[in-house]
1. Sort out which residues of segment 25-40 are surrounded by fewer than 21 Cβ atoms within 10 Å (Cβ to Cβ), assigned to a helix (DSSP H, G or I) and under 20 Å from the mean Cα position of the chain (by Cα), and write them in order of number.
2. Of all residues being open to solvent by 50 Å² or more (accessible area, probe 1.4 Å) and among the hydrophobic types (A, V, I, L, M, F, W, C) in segment 64-86, which is nearest to Tyr11 (Cα to Cα)? Just the residue, please.
3. Show me the strands (runs of 3 or more DSSP E) found entirely inside segment 160-263 where at least 1 residues are surrounded by fewer than 18 Cβ atoms within 10 Å (Cβ to Cβ) and acidic (Asp, Glu).
Amino acid sequence: SFVDLDPRDLYLGGRRVDEHLRECGEVRAIKVREVVRGQDYSASKASYLPDGRRPYSPESMTGLILYGMMHGVSTLRELERMARVDLGCMWVCGGIAADHSSIGRFILRHEEQFGGAFFEQMAADTLKRMGRGVEQTALDGTVVQAVASAHNTLKLEAARARLQEARQAQAQQPDDPNASQKVSQAERVVQVAEERAAARKQKGRDAEQTQVSPTEPESMIQPLKNGGSKPSYKPIILATPDRVIVGQTVEPSSETKPVPGLLDQANRIGERAVI
């Protein structure tokens, strides 16, 4: 079972919280709760073991995150604070007091389940419930550092040499699953390095200077906002004026390359096409 509190037990000055929100004209929280409660969480709930400490329900945690994003709140500690002090957020998630670490673990646990069709359905339901569309959207991206060191990157020849070493080790221990995994990882590193070297050469740049992270080859070395250059990714979103995300992806470095795909996703979610 899950901790899934009923917001109808929340009162402010003798009035139920939803009544107070309606009187103040703050009905967004009421609409968000209705959207969140209308989704299918069977897959995410099935991932929990039946024993142990009761976790917060996926409905409550998802509501907290969605409501926070629609108010420009995205960091875990800001979401933790919002759950404790924002009346609208309390109505959406029932008044749970999830801390930042619980929110972070929830996001990591359900990252795959809450992508794809689930994301598109919730975004579509949110827009419909609010009477909004995707005619006007804005795109933004940022740089997020990968969990990889800038000092351990490999150039193309070094990546090929490491692949050869991994294959030799596998030949000596053919039944070792770790050896096979290292070969697969090394093959992926060489593949990415060769693709980027070819792209650099086509642009007239030195292909030999191509660098790839051996642990996160999809990341790219690029400047960070706080200074320095390290292996990083560029998450990009397409959002409406109401801060409803209608397109999302993660690219190694380009903000322009994924635009057509983001527009296609937004058009699937909205009833009318992006202008």
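The values are calculated or read from the model by the stated rules, or taken from the named source; none is laboratory data. None of the values given here were measured: they were computed from a predicted structure. Virtual Cβ from ideal backbone geometry, glycine too; neighbours counted across all protein chains shown. SASA here: full protein model, heavy atoms, side chains in, ligands and nucleic acids out. Shrake-Rupley method; radii C 1.70, N 1.55, O 1.52, S 1.80 Å.
1. Result: no residue meets the conditions.
2. Within segment 64-86, the match that is nearest to Tyr11 (Cα to Cα) is Val85.
3. Numbers: elements: 220-223, 229-239, 245-251.
It comes to 245-251.
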